[in-house]
Amino acid sequence: MWGPTGSGKSRLLADIEWLAQGDTPTGRKVLINQETPDPELRFSIEHRIVAQLSQNMNFVMDTRVGEFLKLHAESRMIDSPCIVSDIIAMANELAGESFTAETAVTALSGGQSRALMIADTACLSTSPIVLIDEIENAGVDKSKALDLLCSQEKIVLIATHDPLLALMCSQRLVICNGAVQKVIAADAGERRQLEQLLRIDELVQELRRRIRAGERIEENALEQMLRSEAGMT
Ligand SMILES: Nc1ncnc2c1ncn2[C@@H]1O[C@H](COP(=O)(O)OP(=O)(O)O)[C@@H](O)[C@H]1O
Ligand SMILES: [Mg+2]
């Protein structure tokens, strides 16, 4: 889902999450398979078909990551001994800085808590549809996050300003003035562009890593990186 700030992306996600029936500021009605959804679906916590990962992830509970996940798994009646460690391992793959079951949830960084919520949603949520508002703002590995959620056979709808993420998706909704203006399906040409963009992105990440590590960037650093990349492939 693609469009300038203020174009209506978050509102559309909220309408879908709420299964709006003309009762939100947009007057939208969300249909499922062309039909008005059963009102039960809107208000049932157990049978929610839409899970939303919001832009702000604030924990108010005073607990540790392991306990939080254990409680959540229990509330979903999932009784698998490794589920908690699996989710933490997955979240650590998504977030740059790692954390453990002993980390207090209130001590997680924005990126870590987002990664935790994504892994939690992939493993514990039974909702077949996942909405994500602007995943790129939070220091999580977006392509891994997308792969993880899609591997659970969920329909993932993302609002984004990130061209890489937009090209990774099978379809793009172009949002303008509060409405979907266009739907663009990815084709072979775009896929090839994506491959090149991913390589460029890797170079940028490497530069970022070096700058963050306090290194000086030599005059021909990019040329060298390109050359060693060409040598590797
Ligand atoms: N179809 C619409 N009809 C009326 N108001 C809308 C519509 N779409 C969005 N808005 C309003 O426009 C404002 C900006 O929308 P928002 O979804 O926050 O944009 P974005 O997430 O793309 O930055 C919000 O106040 C939202 O409620
Ligand atoms: Mg928004």
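Any read-out appearing in this document is the output of simple, stated calculations on the displayed coordinates, not a laboratory observation. Because the structure is predicted, anything quoted here is derived from the model rather than measured. Counting neighbours? That spans all protein chains shown, and the Cβs are built from the backbone with ideal geometry, glycine included.
Charging the Cβ of each Asp and Glu at -1 and of each Lys and Arg at +1, and nothing else, the dipole of the chain about its Cα centre rounds to 500 debye. Per-peptide packing, taken as the mean over residues of other Cβ atoms within 10 Å, places 65-78, 103-116 in the sequence 103-116, 65-78 from highest down. The convex hull drawn around the Cα atoms of the range 49-123, when projected onto a plane and averaged over every direction, covers 4.9 nm².
Computed across the chain, the Kirkwood hydrodynamic radius from all distinct Cα-Cα pairs reaches 19.8 Å. Dividing the alpha-carbon radius of gyration of the range 187-233 by the rule-of-thumb value 2.2 N^0.38 Å gives 1.35. Shape summary of the range 130-233, radius of gyration then Dmax from alpha carbon positions: 16.6, 48 Å. Restricting attention to the chain, lysine pairs at least eight places apart or on different chains and with alpha-carbon atoms under 18 angstrom apart total 4. In terms of other Cβ atoms within 10 Å, C169, C150 run from fewest to most in the order C150, C169.
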